[in-house]
Number of protein chains: 2
Amino acid sequence: MSKQLIQIGHGSGGRLSNALIREVFLKHFHNLFLEELSDSARIQLNGKEIAYTTDSYVIDPIFFPGGDIGQLAVSGTVNDLCVSGAIPKYLSAGMIIEEGFPIDDLDNIAASMAKEAQNAGILIVTGDTKVVKRGQCDKLFINTSGVGIVPKGRHHLKNRESIKAGDKIIVTGTLGDHAIAILAARENLSLDENILSDAAPLTSMIEGILEHPENVCYMRDITRGGLATILVETCKKRSYGMLIREKNLPVKQSVRAVCELYGFDPIYLANEGKIMMVVKPDKAQYIIEILRKHKLGKNSIIIGEVTDKHPGRVVMQSVIGGKRIVDMLSGEMLPRIC
Amino acid sequence: MSKQLIQIGHGSGGRLSNALIREVFLKHFHNLFLEELSDSARIQLNGKEIAYTTDSYVIDPIFFPGGDIGQLAVSGTVNDLCVSGAIPKYLSAGMIIEEGFPIDDLDNIAASMAKEAQNAGILIVTGDTKVVKRGQCDKLFINTSGVGIVPKGRHHLKNRESIKAGDKIIVTGTLGDHAIAILAARENLSLDENILSDAAPLTSMIEGILEHPENVCYMRDITRGGLATILVETCKKRSYGMLIREKNLPVKQSVRAVCELYGFDPIYLANEGKIMMVVKPDKAQYIIEILRKHKLGKNSIIIGEVTDKHPGRVVMQSVIGGKRIVDMLSGEMLPRIC
């Protein structure tokens, strides 16, 4: 990678991000915790298992339909913890603020963070504030890290080991809402149906499912890179592949319309309040029923299954019957989506 | 604070930073952990005590005499943990990178982080990478958060409760080295003596002292805002004050010369590898001896003592015998020093 420069795509969550992480960070920071490349690490502290994660939020605009950067910075990190099977407990907050930023806006954002932390049942216990001159950052960036408790004996729901051919693939709601809400705000799009970001902490939605964690093989929240990227990451270098059915993918009509206008594919669009899970085939319907009882999971649906027919690959059966290989996002459709 | 805008001084670590944290963040995030306003929180996880902290690093230039932003991002967060009495264990790393940043530079910075983590005996276990367009951030910002184990029964060394009149105040080496190294790099100063940043993890320097934590009342690493700011914070609203002697303050000759040239006072300058500690009077000399055996503590010295004569105030006896009240940094002398 020498003599190369960072491109916007290196932050996409897709192919370039993956290469950068492997070729720069993993090369130097090699340790067992990082190597699984999941969004949260399982660490040992005083003989107990803890989940630990971090994310920086650089979303533009910082106030958007359905939320703001503060709400996102809390719910995004909470979701990274809870989809690993942990119970989120504590958060840190690091703010980088541009000189001239209105203190009233900062106050509103801090209020959002506090409200979302309360919703998610966690405490923001440590923080840091840096200020840079005008033009040295764009308004406000927030980093949050989070720690959670892993109940004894609970397997890591981001560990791919337990996935087998025949398992069902579920998504917990409509794809791309967050990305299209941000795009609509940036471009002043007027849509028939007002699309709001789906950013929300998902702890309570999956609480019921985690009472029987043995039913769930794997869980990821759908963020940067979209559904496609996490499905490809899940199958990479494995003895199984995945078959998903386009007709089952839940996409709002207005999201679909914007995608057609901009040439986007909803499977690459970011959500901030949706999960993809791989579950035992005989429990799939039961899990769907639990999810649908929660207001954030009411559009949950089985979108396909794990197969041994094309190991390492994700294949999508299109509405008209053809099949195509699904790959990771290779560039970046919408930078600064989170 | 309504209708006000963020100023550079809000990130100084001094008076404006304090006001911002209290009037915006503490107002919303109120909880017992945050209220002590120390640089790391003591939290309970699975019935065990854990230290947890975060810092964002926005230093400019990112490569400077004696270090780089990666080394600083590891040692700074390690120091926040160890001065609280904890044993640093795990770190997170969140990178915000400007489009066009050279990947070779990123590689060098990741290598520094890995080396410094190894020096400090900790692991970087989780990370995140965001990329923003040219002009939306200045090269590279790094957030690290850290968790550490608190040995059973060890009191919080950032808790002011145990400080009493008569206690001695120690600094572990020369003041302002980091700030002046950064300034010299920015302004291309040619100095008689080459000043290097003192950024370093201090875990091993204080290891010996923490074998008898009962000798130490309080400990803080000297960073933004300098020695003056942390002394003032330590005395604020307390029944004790502090008297320090200017003649005992360790300052390198060339640092002093640059201070005279720029009108800076070394007590407001940032270090990144020095500690201020308040210790029991009868153990002060013993602690100085232990510190001086370590290469990072060889200039350790007693600079003054805790007194009940001027409660809540820090007073400095000048070289020529006069006394003056020391206050917090009110503006910002050197932005983006860390």
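So here's what we get for this one:
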item: The protein assembly as shown: Rg to Rh, with Rh as the Kirkwood radius over Cα pairs; result: 1.00
item: Highest to lowest packing among A:161-174, A:81-94, scored as the average C-beta count within 10 Å; result: A:81-94, A:161-174
item: Per-copy distances of the B:Pro151 label point, shortest first, in nm (7 angstrom along Cα→Cβ); result: 3.6
item: For the protein assembly as shown, with +1 on Lys and Arg beta carbons and -1 on Asp and Glu, the positive-most of A:Asn194, A:Ala228, A:Gln7 along the dipole; result: A:Ala228
item: Per-residue HN-Hα couplings for the stretch B:241-249 [Karplus 6.51, -1.76, 1.60; θ = phi - 60°; Hz; x = Gly/Pro]; result: x, 9, 10, 10, 10, 4, 5, 8, 6
item: Inter-chain Cβ neighbour average for residues A:16-22, partner chain, 10 Å; result: 2
item: Computed label-point distance, nm, for sites A:Phe63 and A:Arg22 using a 7 Å Cα→Cβ extension; result: 4.3 nm
item: Under Karplus coefficients 6.51, -1.76 and 1.60, residue-wise ³J(HN,Hα) of the stretch B:8-17 in Hz, glycine/proline x; result: 3, x, 5, x, 6, x, x, 4, 5, 4
item: The stretch A:152-258: relative contact order as a whole-number percent, Cα under 8 Å and 6+ apart; result: 46 percent
item: Ascending list, in nanometres, of distances separating the B:Leu191 label from those of the other copies (7 Å, Cα toward Cβ); result: 5.6
item: At 7 Å out from Cα toward Cβ: A:Ser204 inter-copy label distances (nm, ascending); result: 5.1
item: For B:Tyr218, distant residues with modelled amide H under 5 Å away; result: B:Val278
item: Phi-based couplings in Hz for the stretch A:204-216 (Karplus 6.51, -1.76, 1.60; Gly and Pro marked x); result: 6, 5, 9, 3, x, 5, 6, 5, 10, x, 5, 6, 10
item: Net charge dipole size for the stretch B:160-326 [Lys, Arg +1 and Asp, Glu -1 on Cβ; Debye, nearest 20]; result: 520 debye
item: Among B:Gly263, B:Gln317, B:Met276 the positive-end extreme of the charge dipole of the stretch B:160-326 (Cβ point charges); result: B:Gln317
item: Per-residue Cβ neighbour rank within 10 angstrom, fewest leading, B:Val216, A:Val315; result: A:Val315, B:Val216
item: Relative contact order for chain B, counting Cα pairs under 8 Å that sit 6 or more residues apart, in percent; result: 24 percent
item: Under-5 Å amide H pairs with B:Leu202, H placed in peptide plane, nonlocal only; result: B:Asn79
item: Nearest-20 debye value, the stretch B:8-149 charge dipole, Cβ charges on Lys, Arg, Asp, Glu; result: 360 debye
item: Residues in the stretch B:129-158 that a label on B:Asn119 would reach, taking backbone N under 19 Å of a point 7 Å out along Cα→Cβ; result: B:142-147
item: Percentage of interatomic Cα-Cα distances in chain A larger than 40 Å; result: 8 percent
item: Dipole moment magnitude, nearest 20 debye, the protein assembly as shown about Cα centre, only Lys, Arg, Asp, Glu C-beta charged; result: 1120 debye
item: For the protein assembly as shown, share of DSSP beta bridges that run antiparallel, in % to the nearest 5; result: 80 percent
item: Sequence-separation-based contact order of the stretch A:31-149, relative, with Cα cut under 8 Å and 6+ spacing, percent; result: 37 percent
item: Counting DSSP beta bridges with both ends in chain B, the antiparallel % (nearest 5); result: 80 percent
item: Amide H within-cut-off set for B:Lys274, under 5 Å, with H built and near neighbours excluded; result: B:Ile222
item: DSSP bridge pairs, the stretch B:160-326: antiparallel proportion in percent, nearest 5; result: 85 percent
item: Per-residue average of Cβ from other chains inside 10 Å of A:142-154; result: 4
item: Per-residue average of Cβ from other chains inside 10 Å of B:45-53; result: 6
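Rule-based calculations on the coordinates, nothing more; no lab input. Model, not experiment: these values are computed from the prediction. Backbone-built Cβ (ideal geometry, glycine too); neighbour counts: all protein chains shown.
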